[in-house]
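First comes the structure, then the notes that go with it.
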Amino acid sequence: QVQLVESGGGLVQPGGSLRLSCAASGSIFLFNTMGWYRQPPGKQREPVATISSGGSVNYVDSVKGRFTISRDSAKNTVYLQMNSLKPEDTAVYSCNAHRTFSDYWGQGTQVTVSS
């Protein structure tokens, strides 16, 4: 059973930074893609950033230039560096690992951007 454990959420002021981590129980190269999704209060979950097994990355337009997804294969961990945070980035952020016919999710971590 695949397990994804997120960490790094919290409360930050506008303009601040946070780094989220997602540690997988096995090799991250078992998955076609890994990524981060978020669900703002009262809204549907949306993709934020993804990274493929080949290293291709994609971002939702609202975070381009501010967020960076990366990975450390030795630690089986995917990161989301979030800079210049805005109140509208407030959400529960969840890690996803996808392979054919299967999706795995972490438990989610709260990110709150507020002064």
Checklist outcome for this item: Across the range 59-80, the tally of residues that are touching a residue at least 12 places away in the same chain (Cβ under 8 Å) and either among the acidic types (Asp, Glu) or under 18 Å from Ile28 (Cα atoms) (or both) stands at 11
Checklist outcome for this item: For strands (runs of 3 or more DSSP E) lying entirely in the range 1-52, having 3 or more residues that are under 15 Å from the mean Cα position of the chain (by Cα) and free of Cβ contacts under 8 Å to residues at least 40 places away in the same chain picks out 46-52
Checklist entry - Got a number for residues in the range 8-32 being surrounded by 19 or more Cβ atoms within 10 Å (Cβ to Cβ) and within 17 Å of Lys75 (Cα to Cα)? => result 5
Checklist entry - When the range 58-67 is examined, which residues are found to be polar (S, T, N, Q) and assigned to a strand (DSSP E or B)? => result Asn58
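Just give me the residues in the range 52-67 being loosely packed, with under 14 Cβ neighbours inside 10 Å and over 17 Å from Pro87 (Cα atoms), in sequence order. Give the steps one after another, and end with the answer.
Residues of the range 52-67 that are loosely packed, with under 14 Cβ neighbours inside 10 Å, as a first pass: 54-56, 61-62, 64-65.
The answer is Gly54, Gly55, Ser56.
Condition first: in contact with a Phe, Trp or Tyr (Cβ under 9 Å, 6 or more places away or on another chain) and either modelled with pLDDT under 95 or open to solvent by less than 50 Å² (accessible area, probe 1.4 Å) (or both). Now tell me which residues in the range 33-51 satisfy that. Working first, answer last.
Step one: of the range 33-51, the residues in contact with a Phe, Trp or Tyr (Cβ under 9 Å, 6 or more places away or on another chain) are 36-39, 45-50.
Residues satisfying the conditions are Trp36, Arg38, Val48, Ala49, Thr50.
The values are calculated or read from the model by the stated rules, or taken from the named source; none is laboratory data. None of these values were measured; they are calculated from a predicted model. All Cβ positions, glycine included, derive from the backbone under ideal geometry; neighbour counts span all protein chains shown. Just so you know, the surface numbers come from the protein's heavy atoms only, side chains and all, with ligands and any DNA or RNA stripped out. Shrake-Rupley method; radii C 1.70, N 1.55, O 1.52, S 1.80 Å.
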